[in-house]
Amino acid sequence: MRTGGIDGSQIQAMIAQLKAHATRPQATPPVVQTETPAAKVNFADALKTSLDAVNASQVKADAQGKSFAMGDDGVSLSDVMISMQKASINFQATMQVRNKLVTAYHDIMNMQV
């Protein structure tokens with residue numbers, strides 16, 4: 001009997017090969033990847049680093065704005081606008097995270113124990 005170009009005896013031979021391969025012991029044991037534990041991150045340090053980055057982007061935007069206002073030829077209006085938008089987006093994202101943290105704190109404080 002032929003099924004799609006392969007007859008039944010060929011299918012049986014392939015199944016026998018697969019079973020023989022599955023039951024044959026492997027020469028080398030599989031390599032087990034051991035992961036090194038990730039370094040613990042202190043929440044306060046991570047929060048301070050993030051806030052420092054937001055502050056740095058705001059200071060940079062302010063400095064570029066002042067340089068442009070003073071007539072510095074090395075600072076273009078597009079650079080000033082881009083850095084101000086980046087600082088604004090960073091600040092808005094920080095405010096959203098703060099709001100989520102405050103909400104989570106209130107939820108935890110209102111839990112019945």
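The values are calculated or read from the model by the stated rules, or taken from the named source; none is laboratory data. These numbers come from a predicted model, not from an experiment. Methodologically, a virtual Cβ is constructed for each residue, glycine included, from the backbone with ideal geometry; neighbour enumeration extends over all protein chains shown. Ligands, DNA and RNA are stripped out before the accessible areas are found, and what is left, the full protein with its side chains, is counted by its heavy atoms. Shrake-Rupley method; radii C 1.70, N 1.55, O 1.52, S 1.80 Å.
Odds and ends about this structure:
- With Rh defined as the Kirkwood radius, the inverse of the mean 1/r over Cα pairs, the Rg/Rh of the range 43-110 is 1.19.
- In this rough spin-label picture, where each label sits 7 Å from Cα along the Cβ direction, the residue 46-residue 73 distance is 4.8 nm.
- Spin-label model, residue 9 to residue 66: label points 7 Å out along the Cα-to-beta-carbon direction sit 9.1 nm apart.
- Accessible surface of the range 43-110, 1.4 Å probe, proportion on carbon and sulfur as whole %: 63
- Gain upon complete extension [residue 96, residue 38; 0.36 nm per residue less C-alpha separation]: 18.1 nm
- Net charge over other residues, Cβ less than 13 angstrom from the Cβ of residue 68 (K, R count +1; D, E count -1): -2
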